[in-house]
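Structure record follows, encoded as C-alpha cells.
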Amino acid sequence: MIAISATILRRYFRDRSNLFFVFVLPFVIILLVGVSAGSSLETEIGVVGARTPTGQIVLEELGSDDLRFFDGDAAISDATRAVGTGRLAGAIVFPERLADPIEYVRLPGFGSDGAARLDDAVELVNARAGLRAVARDLGREAEAADVAAAGVTMPMVRTERIGDDLWGGLDDSASAALTQTVLFTFLAGLTASVLLVEDRASGISRRHLTAPVPTWRIVAGEIVGRLLITTAQAALIVVATAVFFDVDWGDPFATGAVVVLFAAVAASCSVLLGSMVRRPESATAIGVTAALVLAALGGAMAPIEIFPPTMQVIARFTPHFWAIDALTVTMAGGGIGDVAAELGVLLAVTAALLGTAAVVRRRLLTR
Amino acid sequence: MTLVVSRLRRSFGDRVAVDDLSLRIDDGERYGLLGPNGAGKTTAISMICGLLRPDAGRIMVGDREVTTDAVEARREIGFVPQEIAVYGDLTAAENLRLFGRLHGSRGAELDRRVAETLELLGLAGRAHDRAETFSGGMQRRLNIGIGLLHRPSLLVLDEPTVGVDPQSRNAILDAVERLAADGMSLLYTTHYMEEAERLCDRVGILDEGVMIAEGSRRELVAELGQLDRLRLSLDRPVDEEVIRSAPGVADAVFDGVNGEVSVDDARHRLTALLAAIADQGAAVRSVEVIEPDLEAVFLHLTGRALRDGGA
C-alpha cells in the first residue's frame, strides 16, 4: 500500500504542470487578492449632509475629489441604494449635530478605502485645532457650545455595513487563503485522477493485481496516495499563508480536522473520476471543470452572502460550502465544538464517497 | 513449480472465450500456448495468474489453488503482459523497485535483485533514465524485468515480442532462454510459430477457446502424418526407385539432376540417403532440409493461417 501511495506522490510531483498548480498558482492568486485588498472598482464616494457643520469642517480636509453629493429628504436612502448597487464605493452621512457620529456606509468587503480617507480627514480636523476651536473659527458659537456640552473632543466615524458580512467578516487575505485552500485542494485531487486513468490504459493497474497483495490494499494505496496529495496541497496553503501573509487560521485541531476531511472528499472524488473515465484527456477536462464549477457553487470564488437565495440552497449540496463555513468559524476563533455540524456533514460525505470509490475501483480491477 | 490447469472455462456474455482447457507444465518445462488473435490465450493466462475468475475449472500452482488462494499463488508467478505495463514517468530502477516491493522484497535484497535484473536485460546503463525515453524494445525488456524480478517459479509471458524490431526480439528471446536454462518454468503465448519452436519444449494450440492439439513440435507433426522433405541437387541423374527403397523414405521425385525426397525424419535419414546416392556414382551439389512446422500443423488443424486467423 505504501509503495503504491509513494509512487503516486512521486509521479504527481514530478509533473511540472502539477508543480505549478500546487506551488505557484494558489499563492499568486492570494497575493493578488492581498495586494488589491479593500479596493473596489468604484472609487466615488457619496456625501449626504455636506452643508451641516460637521460636513463643512470635515470636507474641508477631505477635499472634493471623487465625491458625489446628495441632497433632499431621500438623500440617505438614495446614497445607500447607490452603494448597495455598486455605483458608489461608500457613502458618508454627516449628522446635523456636531456631537453625533459620522456614518460611513459600505458593502461588506468593499469600499474600505473611503472609510480610511474619512478617518484621515477627521484626524486632521482634530489635529488642527480640535472640533470646538474649528467651530468657533467658523463663527459657529452655538455648535461649539454643543460640542463642549457633549464633551466631544473629536468627531466619530461609525461604519455601517449593508447586508451580511462576507466570508464571516474575514479580511481579504484570510478570505483569499480560505477559498484558495478549498479550491486548489479539490483541484489537486481531481487532476490526480489522470494518473489512475493512465494506469488503467497502460495495463499497470491490472499488473498490480499480479502481486501477492490483496486487492483492497492496492485500492487503499491508490486512495491514500491521492489523500496525501490533497492534504499536502491544503497544508501547504495553510502554512504558507500563515507564515507569509500573517493569516490566522485559528484552532489548529479544528482547522486540521476540516482540512483533512475535505482532502479526503477530494481524494475520493479523484478515485471515482479515475475509475469512471477511460481517457486521460477526458479526466483532465472533467476534473478541472468539475473543480471550478463546484468551487463557484460552493462559495470559493465569490462570497455566498451575495448569492441569490436559490443558489445559497444549492451551495449546501457541495462539500466546498461546508468546508468554507467551518474554516470561516475556526478563523474567527471557533473551536472544534463550534464546527461539529460542518465536520459531521464532511465526515458523512467522505464516508459515502470513499466507500463508493473503493467499491467501484475494486470492481473495475477485478472484473 | 508445477502448473496444473483442469477443465477451465470462461465466458463473456454468450461468447465462450476458453472452453474446457486443461494443461500441465512441469518444473522447468517451457510450454508454448499458440493460437491466432482472439483464440483465448490472454483469457487463459489471465485466469492462471489470478486476474480473472474462471466460470469453472481448477488451477493449481504447486500446491496452491489460484481461485481460492490467489495471493499466495501469485508469489510463485511472474506475469509479463502483452501491453507495455510500465510507468513511463519513472526510471527503470524505480519501476523495478516498486514491483519488487509489491512482491515483498526490501532493502539490500531488493537492491541486488534490481541490479541483477537490469543486468540480465541489458538495461544497467539506463537504470536511472525514465522509461518513456526508452525505445520500444527496451521498454519491452523492462516489461519482462518487472515480471521476473521476484524470481518466480513460473514465468508467464503473454506475447512479449509483439511490435518489436528483430534485434530487440532476439534480445528478448535470448533473455527468456537464459531464464529457462536456470530452471524457471515458462508459459509463453504467441502467434509467432518460430518463437514457440525456438523456446518451447511442448506447445498447446488453442483455437476459439478450445485446445485442439498438444505435444512437442515433432509429436504434433508426426501426429498429422506430415513428412520432412529433402530438396536435392546432384551432379548426375539417379534411379528414383533406388532412392525410394532407402530406409525411412516415403517418396522420391526427380527431374533430371534436381529432386525432392520425402522422409519420416530428415536429420536421422540424411546420412543413409546420401550414401545411397553415392552408391549410384552421383555427388550431391546442394541439399536443403524442409521440416513441417507448427504453422503447417495449425493450417492443417484449422484450415486457416495462424497470423491472420482473425479475432
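The values are calculated or read from the model by the stated rules, or taken from the named source; none is laboratory data. Nothing here was measured: the structure is a model prediction, and the numbers come from that model. Note that each Cβ is placed from the backbone with ideal geometry, even for glycine, and that neighbours are counted across all protein chains shown. These area figures cover heavy atoms from the full protein model, side chains too; ligands, DNA and RNA do not enter into them. Shrake-Rupley method; radii C 1.70, N 1.55, O 1.52, S 1.80 Å.
3J(HN,Hα) couplings calculated from phi for segment A:45-54 with the Karplus curve 6.51 cos²θ - 1.76 cosθ + 1.60 (θ = phi - 60°) are, in sequence order, 10, x, 10, 10, x, 5, 8, 5, x, 5 Hz; Gly and Pro show x. Using 1/(1 + (r/R0)^6) with R0 = 35 angstrom and r between the beta carbons of B:V4 and B:R218, what's the FRET efficiency to the nearest 0.05? Taking R0 as 35 Å, the efficiency between B:V4 and B:R218 is 0.90.
Under 5 Å from the amide H of B:L155 lie the amide H atoms of B:G78, B:S185, B:L186, B:L187, each residue being 5 or more positions distant or on a separate chain, with H modelled from the backbone and absent for Pro and chain starts.
Every Cα-Cα pair in segment B:98-187 was counted, and those over 21 Å apart are 28% of them. The A and B chains share an interface that buries close to 2400 Å² of accessible area, total over both sides, probe 1.4 Å. A Stokes-Einstein calculation at 10 °C with viscosity 1.306 mPa s, built on the Kirkwood radius of segment B:1-133 over Cα pairs, returns a diffusion coefficient of 95 µm²/s.
For chain B, what is the calculated [θ] at 222 nm in deg cm²/dmol (nearest 500), taking -39500 (n - 2.57) for each run of four or more DSSP H residues and dividing by its residue count? Counting only the DSSP helices, I get -10500 deg cm²/dmol. Near B:A56, the amide H atoms lying under 5 Å from its own belong to B:R9; only residues 5 or more places off or on other chains count, and H is placed 1.01 Å from N.
Excluding ligands, DNA and RNA, the accessible surface per residue across the protein assembly as shown is 43 Å² with a 1.4 Å probe. Extending 7 Å from the Cα toward the beta-carbon at both A:M301 and B:R244 defines two label points whose distance is 9.2 nm. Taking amide hydrogens as placed 1.01 Å from N in the peptide plane, the amide H of A:L67 sits under 5 Å from those of A:I45, each at least 5 positions away in sequence or on another chain. Of all DSSP beta bridges confined to chain B, the antiparallel ones make up roughly 70%. Model label points for A:W216 and A:I2, set 7 angstrom from Cα along the Cα-to-Cβ axis, are 2.0 nm apart.
Here the protein assembly as shown is treated with +1 on each Lys and Arg Cβ and -1 on each Asp and Glu Cβ, and its dipole about the Cα centre works out to around 1120 debye.
In units of the rule-of-thumb radius 2.2 N^0.38 Å, the protein assembly as shown shows an alpha carbon radius of gyration of 1.55. Along segment A:210-220 the Karplus relation, 6.51 cos²θ - 1.76 cosθ + 1.60 evaluated at θ = phi - 60°, assigns HN-Hα couplings of 7, 7, x, 9, x, 4, 5, 6, 5, 4, 4 Hz to successive residues, with x for each Gly and Pro. Between A:S77 and B:V257, the modelled labels are 12.5 nm apart [label points 7 Å from Cα along Cα→Cβ].
Kirkwood's formula applied to the C-alpha pairs of chain B gives a hydrodynamic radius of 21.6 angstrom. Using R₀ = 56 Å, calculate the FRET efficiency as 1/(1 + (r/R₀)^6) where r is the Cβ-Cβ separation of B:D55 and A:D246; round to 0.05. After rounding, the FRET efficiency stands at 0.30.
Surface composition of the protein assembly as shown: carbon and sulfur atoms hold 54% of the protein heavy-atom accessible area at a 1.4 Å probe. For segment B:87-127, backbone nitrogen atoms closer than 15 Å to the point 7 Å from A:D15 Cα along Cα-to-C-beta are found at B:87-90. Each of A:A242, A:T210, A:I306 was scored by the projection of its Cα onto the charge dipole of the protein assembly as shown, and the greatest displacement toward the positive side belongs to A:T210; charges sit on the C-beta of Lys, Arg, Asp and Glu. Comparing Cα centroids, segment A:220-265 and segment B:1-32 end up 50 angstrom apart.
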